[in-house]
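One structure is given below, encoded as structure tokens.
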Amino acid sequence: MASEQHIDIDLREQTLTLLDAQDHEIKQYDMSSATKGGGEFEGSNQTPRGKHRIRAKIGAGEPPGTVFKNRRPTGEIYSLELAESAPREDWVLSRILWLCGEEIGRNRLGGMDSMRRLIYIHGAADTVVMGKPGSTGCIRMSNSDVIDLFDRIEVGTKVVIHE
């Protein structure tokens with residue numbers, strides 16, 4: 001059953017692993033978390049740690065490379081020309097898995113709320129190096145990998161982020 005699957009995100013190894021109910025690896029992906037490491041506070045530009053779940057899946061059926069702003073497709077597909085027009089942009093592409101913290105006082109409510117911080121697992125520009133921190137808080141994956149993960153999991157899937 002899909003809801004028994006869960007995700008383990010290792011900030012040290014820069015890997016995201018999809019596991020079954022018995023903790024057997026289904027698939028492991030390289031990813032890129034925050035340059036500033038793990039941390040829960042709003043404005044920290046760090047990746048929040050602890051227990052989370054997938055609150056929403058956004059972008060089903062959109063073409064690979066679809067550009068999202070405020071969780072909505074812009075109608076654009078990522079390209080080098082688009083990248084050159086906004087060189088500092090941390091692109092949110094292809095799919096969004098919006099995380100919701102599960103631990104009050106750690107990653108839920110107050111100034112540490114992962115969902116209010118808009119922490120996602122999302123696709124990234126082809127130029128983003130996976131396996132190395134580089135984001136401003138989110139978990140970035142290659143577009144093909146985030147689409148693959150998106151198609152394998154359901155809303156409510158548990159996610160643990162640790163160092």
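The values are calculated or read from the model by the stated rules, or taken from the named source; none is laboratory data. Predicted model, so just to flag it, every value in this text is computed and none were measured. Note that each Cβ is placed from the backbone with ideal geometry, even for glycine, and that neighbours are counted across all protein chains shown.
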Subject >> Meets criteria (out of contact with any Asp or Glu (no Cβ under 6 Å at 6 or more places or on another chain), at pLDDT 95 or above and of a type in the set (S, T, N, Q)) for Asn107 >> reply: no
Original post:
Quick one: would you say Lys51 is in a strand (DSSP E or B), at pLDDT 95 or above and closer than 22 Å to Gly37 by Cβ?
Top reply: yes
**OP:** Starting from residues that are in a loop (DSSP other than H, G, I, E, B) and not β-branched (Val, Ile, Thr), keep the ones in the stretch 16-36 and report whichever is surrounded by the most Cβ atoms within 10 Å (Cβ to Cβ).
**Re:** Met31
Original post:
So how many residues does the stretch 125-147 have that are farther than 21 Å from Pro87 by Cβ, among the charged types (D, E, K, R) and over 13 Å from the mean Cα position of the chain (by Cα)?
Top reply: 0
**OP:** Scan the stretch 26-55 and report the pairs whose first residue is closer than 18 Å to Leu109 by Cβ and without any contact (Cβ under 8 Å) to a residue 60 or more places away in the chain and whose second residue is assigned to a strand (DSSP E or B) and of a type in the set (Val, Ile, Thr), with Cβ atoms within less than 8 Å and a gap of 6+ or a chain change.
**Re:** Gly39/Thr47
Subject >> Extreme residue, surrounded by the fewest Cβ atoms within 10 Å (Cβ to Cβ), among residues of the stretch 69-94 that are under 21 Å from the mean Cα position of the chain (by Cα), among the acidic types (Asp, Glu) and outside any strand (DSSP E or B) >> reply: Glu89
